[in-house]
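To start, the structure under review is shown below, and the notes come after it.
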Amino acid sequence: MVYQARTVSSSSSSPRAAHKASTSHRAPKRGQNAPKGPKKRTNRKKGMWWKILLGVLGGLLAIGIGLFTYLYVTTDIPQPEKVAIAEKTTVYYNDGTTEIGSFSEQNREIIDCSVLPDYVGNAIVASEDRSFYRNGGIDIMGMARALYNNLTTGSRQGGSTITQQYAERYYLGDTTSYSGKIREAILAMKIANSQDKQQVLCNYMNTIYLGRGAYGIQAAAKAYFGKEAKDLTVDEAAMIAGIIPAPSMWDPAVNPEQAKSRFTRVIGIMREDGYITGQQASEAKFPETKPVSVSNDLAGPNGYLLTTVENELVASKAFTKDELETGGYKIVSTLDPNMQKIMQTVGDDRPEGMPESIQVGGIALDQKTGSVKAIYGGSDYLKHQLNNATQANFQPGSTMKPFGLLGAAMDDVNFNTMFNGNSPERFETTPGTWAEVPNALNMSWGTINLKQATANSVNTVFMNVNQHLTPKKFAQIAHDAGITGDIQEDTLYNILGINSLTVWDLAQGHSTIANDGTKNTLHIVDRVLKGDKEMYKPNLGTKQVFDANDCMLVQNAMLGTTQYGTAAGTAATLGRQVAGKSGTANDETAASFVGYTPSLMNVWAIWNPGENGESQIVPEFAGYGVSSTGYPSHLFTEFMAQALAGQPAETFATPVDNGKIGGPNGDWGLGGQRYVPSTNNGTQQQQQNEQQQDSQNKQESNDSNTSNESSNNGDAKQNEQQQTTPENTKSPEQSQPENGNTNGNSGGGTGGNNGSNNGSNNNGSNSGDSGNSGNQNGNGGGNSGGQNNTGNGEQSQR
């Protein structure tokens, strides 16, 4: 059988079949591999990888969305960072408006933004986040741009909205890591959904750092323009807003061109976004800022005032130091701005020749309330951080004697009781130990009563008083008066002020006597406010600790100090009654003066510490000798003359001395004896003085016997009408010490007192502790007599 080839017509088959037939036998082109199978397998693999990649990405996205959702749901808005809401506490004088200074961790004042013009907030929106009022707390495009730049350049670019910046500063603190930024974004979204935009913007404005140490818009307004934020102009608000990204580098004082460029940008955006008109934009002018000042509120004397205020509040346990530095309180002090200025000027005005090592401390107060009106802690706190008014110690010397005098009044001893004022006298100073105790310059005063002994500060008389009183009771009286420092209870010398105290402590004790026995705790803080709410008032601890009449007797005796005693002439110079007491420390290492009118007390002290804090003698300078306590009484006179200028003179109440001559048992002082002869070889003038003194004593005795009621032991109490006063008890001439020549006595007595009438400025010599002139303005007789022989020097244990 023969087979023939079958011919297939193209017309009788499908195009697909024809195509298949025609191509199945086509020879491959040169260089071309005919098989196609392997290429199809490669494409399938690539497709598989894309599916895997998309699946992974989708999974990651799902995980991310899930994680983001979880974080959003579980993230709570935390409490604000303490540092974010910390604001400075400001201290004011007693007028409540004159600022002393502040203490703070950050210079921030949180304000109610409703008082701000709208353009202040709008300027910040224009500078930092134009979409603020529209976005949901984050800006996706901004974050994407920032992320891209961070990944490609390695630098950090901010893409944060105002809400994100607010979340970071107000709640989180600084965040730089990606995880921190994610949390920041989540918190920003949460805040945007839960807080009003105006609340967010206000908190942001109160939180943001704006340069020059200023946190918040209020502090910045003061730092750059010296005004409150509510008073900022459009131009000023735009300038501050423009430098927010880099306030220190773009401060106009540092980089004026960049600051102006940023200002122009903000003004332009505010115009574009409708926050200001075209006219406002065209009239905008870069504002002039204050010069940069590096200030420290503790510099100068203010540091002493501020730290005293802070220490008092911390000691009260009403506030911690940290609370005061972050709480934004308004503290109104008791300090009087005028008196503080006077006190600082008086304390700083050191006479020529006064050694730099000599320290000065002072305080002024209202003894009726315990309110401190002024303190002198030093000239510059940053150079000398030990407060000379509240912290530094010195020996007060004879300024402690009035507490012993008060003890005598409490023991029913009449102040006309006579004592032996000769020098030296022998005492059992501690159990089993006897010592001779001198008066200053070893001056003898013969027979002298308690009032005269107080005015002239006679050591031997007060040692005798302490024998009867006992050192323990003396210490108790001083502590009851408010003195907190240690006082030895086992030595008679404690009445001579051998234990160190602060000026504040000494003033506290004397203020109780000056306030008729009512103790008020000295304080420098009047009240603390937070907004309009009063947060603190001091507890004065007001308490009647002594009989009022007993204290008035002490005040009355202290009047003699400034009339004819160790600070003679002080009352005449001031033209008013002044109770006072001078004091000199052991070995003349310190001197002090306590003085007061019925409404104002002033205390000054000087001392001379060595390089290692050891006590040194205060040398004479500018005519002042330490034993005269002339310089502290000079400071007192200078301060009081200015502080009381224009105020009417006040008089002290007249007390009734119902005590018994010689005390209840007649064993105080000389008892019934009325005269002790001089132990020194006196001059003719001194003998005349002693005769006058004896006559005066006899007259006093007769007056006392006539005017007092009889008692079982024969003693009597004087009635008020026949009360003997320092002025008529014994004149300065009759109180002469028993050393010196005729001229010296005459000068010291007559010149020392009458010099006040003859010397310039109506000031005579001061019959001070060493006999030096307490005021250098007396005439020749006053000065000469004073320097040779007037007055009684007081000293502590020798």
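The table for this structure:
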| quantity | calculated |
| --- | --- |
| Positions within region 343-357 being of a type in the set (A, V, I, L, M) and either at positive phi or surrounded by fewer than 19 Cβ atoms within 10 Å (Cβ to Cβ) (or both), in sequence order | M354 |
| Lone qualifier among Q642, Q686 - being within 30 Å of A374 (Cα to Cα) and either in contact with a Ser or Thr (Cβ under 8 Å, 6 or more places away or on another chain) or modelled with pLDDT of 95 or more (or both) | Q642 |
| Residues (among the polar types (S, T, N, Q), free of Cβ contacts under 8 Å to residues at least 40 places away in the same chain and farther than 26 Å from R527 by Cα) located in region 95-135 | S114, S131 |
| Residue in region 407-450 that is surrounded by the most Cβ atoms within 10 Å (Cβ to Cβ), counting only those that are farther than 30 Å from N549 by Cα and aliphatic (A, V, I, L, M) | A440 |
| Among residues of region 257-268, those that are closer than 15 Å to A238 by Cβ and surrounded by fewer than 20 Cβ atoms within 10 Å (Cβ to Cβ), counted | 6 |
| Scope region 574-605; condition surrounded by fewer than 24 Cβ atoms within 10 Å (Cβ to Cβ) and out of contact with any Gly (no Cβ under 8 Å at 6 or more places or on another chain); matching residues | L574, G575, R576, Q577, D587, T589, T597, P598, S599, L600 |
| Set S104, S131, S114: member being at pLDDT 90 or above and among the polar types (S, T, N, Q) | S114 |
| Helices (runs of 4 or more DSSP H) wholly inside region 264-344 that include at least 1 residues being touching a residue at least 12 places away in the same chain (Cβ under 8 Å) and in the same structural domain as A641 (by TED's automatic domain parsing) | none |
| Test result for L386, of a type in the set (A, V, I, L, M, F, W, C) and free of Cβ contacts under 8 Å to residues at least 24 places away in the same chain | yes |
| Lone unmet requirement of (1) touching a helix residue (DSSP H, G or I) at 6+ places or on another chain (Cβ under 6 Å); (2) in a helix (DSSP H, G or I) for D587 | (1) |
| Residues that are closer than 23 Å to Q577 by Cα and over 25 Å from the mean Cα position of the chain (by Cα), drawn from region 481-517 | I513, A514, N515, D516, G517 |
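The values are calculated or read from the model by the stated rules, or taken from the named source; none is laboratory data. Keep in mind that what you see is a predicted model, and the values were worked out from it rather than measured. Heads up, the Cβs are rebuilt from the backbone with ideal geometry, glycines too, and the neighbour counts pull from every protein chain shown.
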